[in-house]
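For reference, the structure is listed below as structure tokens.
The values are calculated or read from the model by the stated rules, or taken from the named source; none is laboratory data. Source: prediction; values computed, not measured. For neighbour counting, all protein chains shown are included, and Cβ atoms are generated from backbone atoms with ideal geometry for every residue, glycine included.
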Amino acid sequence: MFNRLVGKKLALVDDTPGVTRDRREGDGSLFDLEFTIVDTAGLEDAEASTLAGRMRAQTEAALDTADLAVMVIDARAGITPLDRHFAGWLRAQDKPVLLLANKAEGRMAEAGYYEAFALGLGEPIAISAEHGEGMADLYQAIVKHVGLPPEDAFEEEDKSEPTPEEVAAAPLKLAVVGRPNAGKSTLINKLLGEDRLVTGPEAGITRDSISVGWEWQGRPVRLIDTAGLRRRARVTTKLEKLSAADTRRAVDFAEVVVLLLDATLGLESQDLRIADQVLQEGRALVIALNKWDSVENHGELYRGVARALEDGLSQVKGVPLIPVSAATGKNLDTLLKAAFEIRDLWSRRVPTSRLNDWFAAALERNPPPAPGGKRIKLRYITQARIRPPSFIVFGNRLDELPDSYQRYLVNLMREELGFMGVPIRLNFRSRENPYAGKPRR
Ligand code: GDP
């Protein structure tokens, strides 16, 4: 159901009862209705100190923030004592409830559907989440509770570039990646300030990647955690491969990616590969050196990692490196501040006149080479895109421009135009085709 409404495979589909363990949020839609949907663990009546008890606490917390609760039963299995228990609990809450009888395709569900009336939650809505049946009925029922969406909700999305103010107001989309045991779950829990991702000694507890919304100093943040994906798949697949897939998923989602290193282990080649992948994909990167509380020789360690990064990530100078302790919370404010700041840089547009003044000066200081005695001419630069900042240089004989000169331009741009630590894209277009690189604006 969650997958159908969110429209992508976010939740795990598994036939084992209780496989959904954490609270998961997604932006869902049903025709022209848009909503946030929270998928919760089951509601076992369990001791608060047990895993099941913590899961119940999460369900209660999710219900607290909801406008509408949806209880789903398996109409093929019929009503179970647990369903009765859930229904009783839901009836006692002060929330509107819809009852969905799922797996209702075909005749096998008929008896279960009629039984469901006995739960006292009104007329059940027969659906098949898998086959997409009953969605119009579900729509009607939701609208009855929350009202129709405004008329203009269906208008085409405005695709224009966000202004700096719009960037600053939008939730920071943040992902935390890193090797297993770097402390990703600990970090996210600490940031959220509540026990929302269930961490604990139980192995493999984070079963899926999870996106959660939250605020940092009054500014909205959305976090995705991919630890669970790795844990889940580790059984069968090689570590390197998984890491790449995780990172890809995080990168798809995120504006800023936090690469978490374990300071007790230092920087390893796998970390550099992840960092490189993030930058290749054009995302902003912040590196956090975790477990700072349990290492000594802070100065020496920091300088060592900074140097190794400088060598290993030479294509992007100045990626922020921040020592933190996910366990104690030390420096997490600095980390978030750095993430917001680098998003601003990553989203910046340099006015064309300023850009070209800079460009002329850069060419004068270090003119492009003249292979065969004929100088390569670079005439003009424009910023085609933001997020990541992407530029087009116009000129002649550009296919002869050496890589070293391109690197010179990109590095200088980073230092002098305020793009430290940000991946930059630079394209070259010959004058012969002046429209090839026409910016979108
Ligand atoms: P994940 O696999 O990246 O999600 O890592 P976890 O969050 O599960 O943490 C792995 C282990 O490192 C756990 O035993 C944590 O308690 C420990 N850990 C995480 N952060 C810190 C930290 O800042 N300091 C110390 N000393 N231990 C930490």
Within region 76-95, identify whether any single residue is in a strand (DSSP E or B), in contact (Cβ under 8 Å) with a residue 24 or more places away in the chain and not polar (S, T, N, Q), and answer yes or no.
-> no
Taking only region 225-267 into account, find how many residues are surrounded by fewer than 21 Cβ atoms within 10 Å (Cβ to Cβ), at pLDDT 50 or above and within 13 Å of the ligand (Cβ to nearest atom).
-> 3
Pick from region 282-308, criterion part of a loop (DSSP other than H, G, I, E, B) and under 30 Å from Ser347 (Cβ atoms), ranking: farthest from the ligand (Cβ to nearest atom) = Gly282
So is Val316 touching a residue at least 12 places away in the same chain (Cβ under 8 Å), under 32 Å from the mean Cα position of the chain (by Cα) and part of a loop (DSSP other than H, G, I, E, B) or not?
-> yes
Are any residues in region 277-313 among the acidic types (Asp, Glu) and farther than 17 Å from Leu174 by Cα, and if so, which ones?
-> Asp293, Glu296, Glu300, Glu310, Asp311
Taking the stated definitions as given, is Leu313 touching a strand residue (DSSP E or B) at 6+ places or on another chain (Cβ under 8 Å) and not acidic (Asp, Glu)?
-> no
Scan region 184-206 and give yes if some residue there is within 13 Å of the ligand (Cβ to nearest atom), in contact with an Asp or Glu (Cβ under 8 Å, 6 or more places away or on another chain), in a loop (DSSP other than H, G, I, E, B) and at pLDDT 80 or above, otherwise no.
-> no
Any chance region 358-374 includes a residue that's without any contact (Cβ under 8 Å) to a residue 40 or more places away in the chain, under 27 Å from the mean Cα position of the chain (by Cα) and surrounded by fewer than 18 Cβ atoms within 10 Å (Cβ to Cβ)?
-> no
Is one or more of the residues making up region 322-332 farther than 30 Å from Glu215 by Cβ and of a type outside the set (A, V, I, L, M)?
-> no
Considering region 317-348 alone, what residues qualify as being of a type in the set (Ser, Thr, Tyr) and within 30 Å of Val410 (Cα to Cα)?
-> Thr334, Ser347
